[in-house]
Structure formats: C-alpha cells, structure tokens
1. May I ask you to verify whether residue 92 is modelled with pLDDT under 80, farther than 16 Å from residue 168 by Cα and aliphatic (A, V, I, L, M)?
2. Taking the stretch 161-189, which residues are open to solvent by 30 Å² or more (accessible area, probe 1.4 Å), farther than 12 Å from residue 140 by Cα and either among the acidic types (Asp, Glu) or at pLDDT below 80 (or both)?
3. Please pick out the residue among 144, 194 that is in contact with an Asp or Glu (Cβ under 8 Å, 6 or more places away or on another chain) and either at pLDDT 75 or above or open to solvent by less than 30 Å² (accessible area, probe 1.4 Å) (or both).
4. Residue 69 - would you say it is closer than 26 Å to residue 180 by Cβ and surrounded by fewer than 17 Cβ atoms within 10 Å (Cβ to Cβ)?
5. Hey, among the residues in the stretch 96-124 that are farther than 18 Å from residue 31 by Cβ, in a loop (DSSP other than H, G, I, E, B) and not hydroxyl-bearing (Ser, Thr, Tyr), which one's least open to solvent (accessible area, probe 1.4 Å)?
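The values are calculated or read from the model by the stated rules, or taken from the named source; none is laboratory data. Since we're looking at a predicted model, the values are computed, not measured. A quick note on method: Cβ atoms are made from the backbone with ideal geometry, for glycine too, and the neighbour counts reach across all protein chains shown. Surface accessibility is based on the protein's heavy atoms, side chains included, excluding ligands, DNA and RNA. Shrake-Rupley method; radii C 1.70, N 1.55, O 1.52, S 1.80 Å.
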Amino acid sequence: LKIEQIGESDKDLDWYNQNVLLVKMTIGVFYIFIGFFILFEGLEILKDRRREGYRKLRLLSMPRWMVNLSELLSLVVAGLLITLPLVLVTGVNRGAFAYVLLISIYYVMGMAALVYLILHLITKDDLYLLTGTSFILGTGIVSGSFFAVDYSLAVTRLLAKIFPVFYSVNAYFDKGYIREYSIYTLLYTAGLFGLCLIIDKRTQGVRHESV
C-alpha cells in the first residue's frame, strides 16, 4: 500500500499510519453509504406527504413540531438499522461495542438532521435526490472519506470539522474526540431541526397540503 502525502505536513507515513489512514477511509466510505440510505428513506417521507392519510394527519390536533420530530426520528431509526452490521463487526473486533454504537448514533443523528433539512427545502423527488447526493458526497470528500484529510491543507481540515463523518471516523481511533463529538452532535442536530421548524412554520404547511 502506497499513500502519497500532499499538503503542509512534513510527517512521514510509516506502515502503521498508512494502515490507519486506509481503515479511516474504509469506515468513511461505509458512513457515506449509510448517508445514502437515509437519503432514500427521506424520499419515502416526500411520497407520504402526497398521500391523503398524511394530509389528514396534518389536520389533527397534533402539534406541528411533533409531526416534524416523528419524521426526523424515522430517519434516525432507519439509519441505525443499516448501521448495525458496522457496529457488530467493528465493535466485537475491537471489544468496544457500546463505544462504536455511540459513535454511530451520533453520526446517524447528524446526517438525518441534514437530510431532513433538505426535505424542507426541496419537494421534487429528482431535485431532492440530486441535491442530497451532492451534499453527501461533498461532505464525504471534504471529511476524508476518499482521501487522507489528516495530511491535507489546514483549510480542508477546518472544513472537515463541520460535518459528522469527520468526527465519526476520528473518534473510532481516538476517544479524545468523543466529548467534542457529543457537544457537536447535540448542537448540530438541534440547530438543523430548529431551522426545519422555522421553515415549516413560515410555509404554514402549504407545501404538504397543496400536492
């Protein structure tokens, strides 16, 4: 295995570091796959919004935030189900099942919130898939799912910290990331969900009831 070093760092990539980077990129690609699964699950929410049953649900006394929360939780649950193979394999292999599960939960929460925001901004299926795919691949590229972000430019490493996949991959190797990741996940998910509620309130449900 030969990994070329490009960037500002002068560190040598020994055998151990090369293998760590390879595992990081492998895990990163798997997390990107999970992101796509959540994206396609979001497509089902778009389809549900066009059905008569959904319009009746919107007319019930259930608070608008509760309907939004139930949709977001459906994305989280779907993401966790597809994450279980990674958790079982890596958790058992490393003897840290609970820790790997916690990392995966954080990632799924952050990615589900991002996908749910896209659901509030775009209602056309094709455009939703195109935009979601671009976001997921973009976050993966910047966060190091396809290259060694550890040895990239400083600005690239700074951008990588905006997205959940960066913390998931690095927390897998360094438990020092977990506290920062916990705070980040709560703020990131709550912030995006709050933005979704604002958008939903401003539209007053017209998007859901007019289709």
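1. On the way: modelled with pLDDT under 80: yes; farther than 16 Å from residue 168 by Cα: yes; aliphatic (A, V, I, L, M): yes.
Yes, satisfied.
2. Within the stretch 161-189, 173, 174, 175, 176, 177, 180 qualify.
3. Working: 194 fails: in contact with an Asp or Glu (Cβ under 8 Å, 6 or more places away or on another chain).
Going through 144, 194 in turn, just one is in contact with an Asp or Glu (Cβ under 8 Å, 6 or more places away or on another chain) and either at pLDDT 75 or above or open to solvent by less than 30 Å² (accessible area, probe 1.4 Å) (or both): 144.
4. Values: closer than 26 Å to residue 180 by Cβ: yes; surrounded by fewer than 17 Cβ atoms within 10 Å (Cβ to Cβ): yes.
It is true that residue 69 is closer than 26 Å to residue 180 by Cβ and surrounded by fewer than 17 Cβ atoms within 10 Å (Cβ to Cβ).
5. Taking the candidates together, the pick is 122.
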